[in-house]
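A short worksheet on the structure shown next.
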Ligand code: PAN
Ligand code: ZN
């Protein structure tokens, strides 16, 4: 039997209480994600392999949905903003929502057919991620980017396609502002 429960989410830190799991991704675990490989190795060496993002989840056995937070730190690798790996869901029929709590960024999406879309991430915007659209979150601000995600426990992750082919677009810092450019 699963009982109802209120879960506290700190919108500025992404802390979830109670939580049932978490992981972090450090720069060295994101090789192949950022386009400037030299800048990545340099950043790993010079900055001491910092955490780029953290995911905290609340999942209860017996439920078909779960939720949690992702917190992406501010920063760049070369001229590319800190971001998540990006993935399709293993289950092609399963959507997700991302509700931004803090900071600012870009949610980059790519459909299976190769179309791309962008949803601004800022406090108050709840993004709908349709089934079979890959998604990556990019922090273009100076603060942490914190969002709540809600998905289906059966959705799973397929990272291979994005690791291999990318998201078709990249978000780069140019002359002090974020630019969305084609990934040649
Ligand atoms: C999110 C993501 C989370 C980290 O919970 O998994 O933001 O991004 P990557 O998984 O791409 O590294 C989600 O979309 N789950 O389905
Ligand atoms: Zn997802």
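Please treat every number below as a calculation from the coordinates, not as lab data. Predicted model only: the values in this text are computed from it and were never measured. Note that each Cβ is placed from the backbone with ideal geometry, even for glycine, and that neighbours are counted across all protein chains shown.
At-a-glance table
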{"quantity": "Dimensionless Rg over Rh [the stretch 96-183; C-alpha; Kirkwood]", "calculated": "0.96"}
{"quantity": "Packing-based exposure ordering (other Cβ within 10 Å, fewest first) of 82, 159", "calculated": "159, 82"}
{"quantity": "Sorted by Cβ neighbour density within 10 Å, fewest at the top, the residues 67, 147, 128", "calculated": "128, 67, 147"}
{"quantity": "CD proxy at 222 nm, helix term only [per DSSP H run n ≥ 4: -39500 (n - 2.57); per residue of the chain; nearest 500]", "calculated": "-2500 deg cm²/dmol"}
{"quantity": "Distant alpha-carbon pairs in the stretch 45-114 (separation over 21 angstrom), percent", "calculated": "41"}
{"quantity": "Relative exposure of 99, 53, judged by other C-beta atoms within 10 Å (fewest first)", "calculated": "99, 53"}
{"quantity": "Space enclosed by the convex hull of the alpha-carbon atoms of the stretch 1-152, per residue, Å³", "calculated": "116"}
{"quantity": "Gap separating the Cα centres of the stretch 1-80 and the stretch 108-184, nearest whole Å", "calculated": "14"}
